[in-house]
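> Handing you this structure, nothing more for now.
The values are calculated or read from the model by the stated rules, or taken from the named source; none is laboratory data. Since we're looking at a predicted model, the values are computed, not measured. For neighbour counting, all protein chains shown are included, and Cβ atoms are generated from backbone atoms with ideal geometry for every residue, glycine included. These accessible areas exclude ligands, DNA and RNA; they are computed on the full protein's heavy atoms, side chains included. Shrake-Rupley method; radii C 1.70, N 1.55, O 1.52, S 1.80 Å.
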Amino acid sequence: MKQFSGSAGDVRRRLAEVRERVAVAARDAGRDPDRVRILVATKYVDVETMGVLAEAGIRLVGENRAQDLAAKQARYGDDFEYHFIGHLQSRKVRLVLPIVTLIHSVSTMSVVQEIATRATKPTDVLLEVNIAEEASKSGLAPREVDAFLEQAAEYRAVRFAGLMCMPPLGDDPAITRRHFARTRELSERLSAAWVGTYTFGELSMGTSADYELAVAEGATIVRVGSVLF
């Protein structure tokens, strides 16, 4: 995907289309559309062009790289709410932690420990699940989640608030939807198992290619980029 270039009007129009599709998918599933947040992934939006997104009315953005996140926040400050959605290395936690309101991609104990060391207040994070157990992707296999949480529970400053997943790219919507359904089912089981400690109410799943399917299966955050740009 090339770097984004376009007008605020174009982005505003496409964002309105995404919002309408999210609302339809949510209502069809018997859900409240207001329970779904649209996060704009800005990996391919440079610092200068972020101003176009602000002009288009976008507030929630997600960044994949710690250095880019820091540069964008330094330039635009509170114009945006920032989430971190890329693979997070423990040595980058110090850059990310003061900026974001949510980290979507926690899946290693070293990152949990680093967040706990550096956090000045309880920090909400999502557990990244490799729902299809793909060798090329980060995240915990579903069978690894319980043991990981048992170990992570020692670090009280790190609060798991939900799950994040990225299913395999494919042309079969039924298969994609099954992966989203499995993630939702896992979140429901974990919410019951960890009541009083963690909540697992947030589900970050769905991208430009499949966000409507994700909403139908319970996504509370969808991560879109190319559909806007």
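> Would a scan of the range 4-11 turn up a residue that is open to solvent by less than 30 Å² (accessible area, probe 1.4 Å), closer than 23 Å to Met164 by Cα and of a type outside the set (Phe, Trp, Tyr)?
no
> Still on this structure, please answer the following. Do the conditions hold for Val224, that is, is it closer than 16 Å to Arg31 by Cβ, at pLDDT 95 or above, within 15 Å of the chain's Cα centre (by Cα) and open to solvent by less than 10 Å² (accessible area, probe 1.4 Å)?
Answer is no for this residue.
> May I ask you to say which residue of Thr49, Thr120 is over 30 Å from Ser7 (Cβ atoms), at pLDDT below 95 and β-branched (Val, Ile, Thr)?
Going through Thr49, Thr120 in turn, the sole match is Thr120.
> Determine, yes or no, whether Ala219 is part of a helix (DSSP H, G or I), open to solvent by less than 10 Å² (accessible area, probe 1.4 Å), in contact with a Ser or Thr (Cβ under 9 Å, 6 or more places away or on another chain) and of a type in the set (A, V, I, L, M).
For Ala219, the condition - part of a helix (DSSP H, G or I), open to solvent by less than 10 Å² (accessible area, probe 1.4 Å), in contact with a Ser or Thr (Cβ under 9 Å, 6 or more places away or on another chain) and of a type in the set (A, V, I, L, M) - is not met.
> Oh, and also: I'm trying to understand the selection: among the residues of the range 63-78, which are touching a Lys or Arg at 6+ places or on another chain (Cβ under 8 Å) and either of a type in the set (Lys, Arg) or farther than 26 Å from Cys165 by Cβ (or both)?
Correct list: Arg65 only.
> Every residue in the range 40-72 that is more than 22 Å from Leu203 (Cα to Cα), open to solvent by less than 60 Å² (accessible area, probe 1.4 Å) and among the polar types (S, T, N, Q), please.
If the condition is that a residue be more than 22 Å from Leu203 (Cα to Cα), open to solvent by less than 60 Å² (accessible area, probe 1.4 Å) and among the polar types (S, T, N, Q), then Thr49 is the only one that fits.
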